[in-house]
Amino acid sequence: MKRTAVVLLLMLCAFAAYGFWPLGDPTLEIRFDPDAIRATREFLARPPVPNPKRPPNVLLILADDLGKHETTLYRPSSAAPTPNLERLAADGVVFTQGYVTSPVCSPSRAGLMTGRYQQRYGFDLLTHDRYAHNRIERFVARHFFSSHGWFVREGEPRIPVQRDIDRQGVPPTELTLAEILKKQGYATGIFGKWHLGSGQEMIPERRGFDTQYGFHEAFSLYADPDDPNFVGARDDYFADRYQWRYGRSGNAAIRRNGVVIDEPRYLTDAIAAEAIAWIEAHKDRPFFAYVPFNAPHAPLQAPRAYADRFANEPREERRVYLGMIAALDDAVGRILDALARAGVADNTLVVFASDNGAATYTGIADNTPLNGGKFMNYAGGVNVPFAARWPGMIPSGATYSQPISTLDAFMTIVRAAGAELPSDRPYDGVDLLPYLRGDATGMPHEALFWRADNSRGVLAGHYKLITDQRTGTRILFDLAADPGEKSDLSAAEPSRVDELEQKLRVWESQMVAPRWPSVMEYRYRIDGHDFIFPL
């Protein structure tokens, strides 16, 4: 008996050691090329390009998970009226085929902020500040928390150590839009969600922003859940439970210039107010105001007065969601009004977009008539609301229907500011102003590409191919005949599939592998096709 007990005890100890042994793998090191960092710093140290004219101010507004057809900008009968987005577009241009570089937020924002496909520097996946610490924790998460399509990723875990978790984000080898404009003499401020890295090398104040207000994470609470003036809606899927539990702790805390603050205001209103105050204080010099709202990203919270606007909607969670969109639109309107009051509206280039399509996995958002949503390379995930205004430079009331990208927002802003770019790296964005003024013809892009590890897509002309290397899915759409992406033509046109796959291979040969592993994966099925999106 004693021998048996000793054996069992040793087995238990071995199991505990195996199960609780830390998973950190130092071989998953994120290294930055010192020569590339040096070249980037030397470029920033060079004097700015002389400009005899005052360059335009720049206001870049980003919504979070806002589907284009959840606005009256694209669907006049949309449940949530968005008159301020309509006003912005009426004074400028609305893009009907505006695309992001990823159907999920932080990689999409990386492309926007650098003007380069984020895969050029390995930013395929969401940044993460938390991985499973050991096999027991991972087993519990995989078998007790995975649900509604969300799963802890398969396979033997390889987890980065904390040093390399802190290095996730836009690397210091890259130049952000804020750094380029600051070099050109702009005042720079960010107001809202960053989500491009939370390590000390990656935060906004180290990446070109003079002023910061907001948070570093993918999400934050909008208001105190116990405040009766706000109404919240909770769901049972993994991410929603996590976000409510996380609240405003850690990287979801609200910060002003890096210092955590107690913010009593509804966050959408606070972001707008902070941006307005900063614009008013900097109206006498060129400024770049980056206003990345987190609305209408979960967790769902809205001022009760906004949710009550949609009393005819039978589902409370949908009322809250629509209230968040209405509050976002009003916040955009207040910022536009502030430009007019400050006397700078006519010399301000305003760009509005969403970081990806609506999160249809919630069962609340609606991308109809587009297929799919967030986490999907279908149009519902990557074809987003997109509009711009610059009086006297962009024709008012215009519609532009060729495929364009948020990469182009970067390049258009840089060219409008008269700034220069380094010659030691390729840029993927296109200056849209010549196309909008009629000085350039044709399509700005021969093709647009998407990749998140195994999940891929390419749009060339009006044909779009979506593939998944893990499930073996390959689907082909003719967007001219089928903008909702319902009819798969891959069996009927195998040569076109091969042609588009070759374009993908050529593009991928210029990219690098993802620089950090995923934590979760989202599995979904559309029209009989299976997909796995890494998160």
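Quick notes
- The residues Val100, Val512, Val458, when put in order of fewest to most other Cβ atoms within 10 Å, stand as Val512, Val458, Val100.
- Placing dummy labels 7 Å off each Cα toward the beta-carbon, the span from Glu42 to Arg315 is 5.7 nm.
- Counting Lys and Arg as +1 and Asp and Glu as -1 over every other residue whose Cβ lies under 13 Å from the Cβ of Ala398, the net charge comes to +1.
- Taking a straight Cα-Cα cut-off under 17 Å and skipping sequence neighbours fewer than 8 places away in the same chain, the lysines within cross-link reach of Lys183 are Lys53.
- Listed values for the range 419-427 are Karplus-derived 3J(HN,Hα) couplings in whole Hz (6.51 cos²θ - 1.76 cosθ + 1.60, θ = phi - 60°), namely 8, 9, 10, x, 9, 8, 8, x, 10, and x replaces Gly and Pro.
- Model label sites at Arg437 and Leu28, defined 7 Å from Cα along the beta-carbon direction, differ in position by 4.9 nm.
- Annotation for Ser423 and Asp35: the two label points, set 7 Å from Cα along the Cα-Cβ direction, are 1.8 nm apart.
- Coupling constants for the range 211-219 follow from the phi torsions by the Karplus curve (6.51 cos²θ - 1.76 cosθ + 1.60, θ = phi - 60°), and in residue order they are 10, 9, 9, x, 9, 9, 7, 6, 7 Hz; glycine and proline get x.
- The chain - percent relative contact order, Cα under 8 Å, separation 6 or more: 24 percent
- Extension reserve of the Asp337-Ile261 stretch, reckoned as 0.36 nm per residue once the Cα distance is removed: 24.6 nm
- Extension gain (nm, one decimal) between Asn229 and Arg206, 0.36 nm per residue minus Cα-Cα: 4.6 nm
- Whichever lysines have a C-alpha closer than 20 Å to that of Lys464, once near sequence neighbours (fewer than 8 apart) are set aside: Lys68, Lys374, Lys486, Lys503
- Value of [θ]222 nm, deg cm²/dmol, for the chain, DSSP H segments ≥ 4, -39500 (n - 2.57) each, nearest 500: -8500 deg cm²/dmol
- (1) 46.5; (2) 25.8; (3) 27.9, with the label sought being that of the calculated mean projected area of the Cα convex hull in nm²: (3)
- Beta-bridge orientation, the chain: approximately 60 percent antiparallel, per DSSP, counting only bridges with both partners inside.
- 5 angstrom amide H check on Ala80, placed H, neighbours 5+ away: none
- Full extension of the chain between Asp346 and Asp236 gives 34.9 nm of extra length, using 0.36 nm per residue less the Cα-Cα distance.
- The calculated FRET efficiency for the pair Val512 and Leu10, based on their C-beta separation and a Förster distance of 35 Å, comes to about 0.15.
We did not get these values from a lab; they are worked out from the coordinates using the rules stated. Since the structure is predicted, the reported quantities are computational estimates derived from the model, not experimental observations. In this analysis, Cβ positions are derived from the backbone assuming ideal geometry, glycine residues included, and neighbour counts consider all displayed protein chains.
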